[in-house]
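Novice: One structure, pasted below without further comment.
The values are calculated or read from the model by the stated rules, or taken from the named source; none is laboratory data. Since the structure is predicted, the reported quantities are computational estimates derived from the model, not experimental observations. Here Cβ is always computed from backbone atoms with ideal geometry, including for glycine, and neighbour counts include all displayed protein chains. For the accessible areas, the whole protein counts, side chains as well, though only heavy atoms, and no ligand, DNA or RNA atoms are used. Shrake-Rupley method; radii C 1.70, N 1.55, O 1.52, S 1.80 Å.
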Amino acid sequence: MALQDKEIASGEILPAVIIGNGPSGICLSYLLSGYTPYLSPEAWHPNPLLHSKLGEQPHLSLLEQDLEYLCEGLEGRSSNPVAVLFDSLLLPDSDFGLDHTSPLEWRYEPERAVPHLVLGKGPPGGAWHAMEGSMLTLSLANWMELPGLKLKDWMRDKRRNLRNDRATPAEIASYYQHYVSQMSLEQNFACGTTVTSVTRQPGNQEGLPPCWKVTGVQRREGEVLGDGSSVSEEVPFSLLAHKVVLATGTHDIPARLGVEGESLPFVCHSFWELEAAISRGELDPTSDPVLVVGAGLTAADAVLAAHHLNTPVYHAFRRSVTDPGLIFNQLPKLLYPEYHKVHQMMTQQQHQLTPPLQEHARNVESHSTPSSSPLPPPSSSNNSSSPSSYPGYLSFPHHKVVAFQPDRKCILESDSGEQTVVQVSKALVLIGSHPNLSFLEDNGRSLGVNPEEPISCRRNPIEVDPFTNRVITAEGPGLYAMGPLVGENFVRFLKGGALAIASDFTKGQSAGGEEEVVTTDTWLDRRVGTQRAVEVLT
């Protein structure tokens, strides 16, 4: 779908605009397109209290019911009550490894549809299209699926087999893109769009009510050249909407350490830069070690990728290997053997701090050959029975990076203040990422739980009402947020945000709402018959 910019003159206002076309935006689009969940007549839920509550008003859809009432007493792995509720209904008792049938049935009721647009920079699926294609997802494959299309069935049709009940990011990205087509949602998606501004507009004397204005540019293929190629162009667009949903995720801007030398060419901030170096043949067993900074799953993937090439690795992170908050200490060993392997490496082959009377700053130099470990044995402590369980790897727990130097030396510092200098070929700083909310005033800081800090999924999410996902400190009504922006990192739980928002939309329509109730049919009729604020060309 293409967006064509025009002056906002007629006062036509879209009911909803969703910014972000990852799984959050896709799931919400599905619910807003008329696909409605009901309790199936022959349904059974293993939670007797929830089953009893659902049976009290079986004629009402889930969108019309009191979500707060249904959430009472439920417990799960998310702090968001609606996320726990929806997950419990879609995947009953999945935390216990059980595969109960969902008590929900989905009915297509087009009269319930809320006209909306989903804006995204790339194809449907969002950041999943940028993720490395061979690593396995952290979540079980069925936790990654969206309502109405079983991932296992889709993969079976593609003649692919799930490995250990997990899929690759490339497969998940393909599934999300297929989902939009399979559910006939394409008319709601405008891809290649970059939003540059979201502002609250006051009403005017011509009768235009207060609403949100969304502006940006859309990348489109332009003039076709003589050789058959085309030149892309960016076309501006402007939309008015009663409601805006922030669903951009948090993978846009890699987090930085903020230390000296971090902008040097050998310092990278994404896993894909490591992949590119590997594809160019820059890393092999004779290379100086790769320094990986961070203790998350992306850092672990980098360790595994380098280790697979027999390229030596230094691994620095701030936490203890026994810290309960460390993600590796929360994953079942049988289900995630590769991450358990990384945790073993982190635990068994640690850098040994220099005794206080010896030289304060050690220089750990690498003189590697294909047949020998590049890491000097005196600097490591090995708790395993084999002295070379993971040759070519050395972890630095309780360490931070002080500086990167032009000669590819990195200065690490322990919690006690001892410094170690390591010679590296590349450094990968993989310590998380921040959302790109540049289209909001002050990057949306005022919307966070702590308005003094930048928005962060883990440390400072956008503050929303837990049962509607309305942004608490928004400049005006009609602003929502979902997914990683509100602290939900896993697809399994971000679907609850879609339910909360769609339910709030439904109840707003039933009550008359703050804006005129517009159905899909009447909105499409107006598009044809009037001079519009925004013209949608399909």
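Novice: Could you run the Karplus curve 6.51 cos²θ - 1.76 cosθ + 1.60 with θ = phi - 60° over segment 264-269 and give me ³J(HN,Hα) per residue in whole Hz, x for Gly and Pro?
Specialist: Ordered by residue, 3J(HN,Hα) equals 5, x, 7, 9, 10, 10 Hz.
Novice: Non-local amide H neighbours of ARG470 (under 5 Å, H modeled in plane, Pro and chain starts lacking H): which ones?
Specialist: Counting only residues 5 or more places away or on other chains, the set is ASP465.
Novice: If amide hydrogens are placed 1.01 Å from N in the peptide plane, which non-local residues have theirs closer than 5 Å to the one on GLU260?
Specialist: PHE404
Novice: With a 1.4 Å probe and every protein chain left in place, tell me how much accessible area PHE490 has, in Å² to the nearest 10.
Specialist: Here the accessible area works out near 90 Å².
Novice: May I pose another question? Here are some pairs, LYS121/LYS333; LYS152/LYS333; LYS53/LYS507; which of them have Cα atoms lying more than 31 Å apart in this structure?
Specialist: From the list (LYS121/LYS333; LYS152/LYS333; LYS53/LYS507), the Cα-Cα distance tops 31 Å for LYS121/LYS333.
Novice: What nm value, rounded to one decimal, do you get for the distance between GLU109 and GLU206 when each label is placed 7 Å out toward the C-beta?
Specialist: Rounded to a tenth, the inter-label distance reads 3.6 nm.
Novice: Please list, in order, the residues from segment 418-433 whose amide nitrogen is less than 17 Å from a point placed 7 Å along the Cα→Cβ vector of GLU273.
Specialist: Those under the cut-off are 424-433.
Novice: Also, I was wondering about something else. Under a 1.4 Å probe, what is the accessible area of segment 264-331 per residue, stated in Å²?
Specialist: Each residue of segment 264-331 exposes 39 Å² on average to a 1.4 Å probe.
Novice: Please compute the modelled spin-label separation between ASN329 and SER389, points set 7 Å along Cα→Cβ, answer in nm with one decimal.
Specialist: Inter-label distance under the simple model: 1.7 nm.
Novice: Karplus couplings for segment 173-185 from phi (6.51 cos²θ - 1.76 cosθ + 1.60, θ = phi - 60°), rounded to Hz, Gly and Pro as x?
Specialist: Per-residue couplings from phi come out as 4, 5, 4, 5, 5, 5, 4, 4, 6, 4, 8, 6, 9 Hz.
Novice: Can you give the accessible area of ILE253, probe radius 1.4 Å, in Å² rounded to 10?
Specialist: Accessible area, nearest 10 Å²: 70 Å².
Novice: Taking a ≥ b ≥ c as the square roots of the eigenvalues of the Cα gyration tensor of segment 399-510, is the shape rounded (a/c under 1.5), prolate (a/b larger than b/c) or oblate?
Specialist: In terms of gyration-tensor shape, prolate.
Novice: Whole-Hz ³J(HN,Hα) for each residue in segment 66-71, computed from phi via Karplus 6.51 cos²θ - 1.76 cosθ + 1.60 with θ = phi - 60°, x for glycine and proline: what do you get?
Specialist: Residue by residue, segment 66-71 yields 7, 5, 4, 5, 5, 6 Hz.
Novice: Given the protein chains as shown and a 1.4 Å probe, how many square angstrom of VAL401 are accessible, to the nearest 10?
Specialist: 10
Novice: Same structure, new question: Which value in nm describes the separation of the simple spin-label points at ASN450 and GLU262, placed 7 Å from the Cα toward the beta carbon?
Specialist: Calculated label separation equals 1.7 nm.
Novice: Here is a follow-up. What residues have an amide H closer than 5 Å to that of THR196, excluding those fewer than 5 places away on the same chain, when H is modeled at 1.01 Å from N in the peptide plane?
Specialist: Residues meeting the amide H criterion: THR215, GLY216, VAL217.
Novice: Give me the lysines in straight-line cross-link reach of LYS426: C-alpha distance below 21 Å, same-chain residues under 8 apart excluded.
Specialist: Cross-link targets: LYS400, LYS409.
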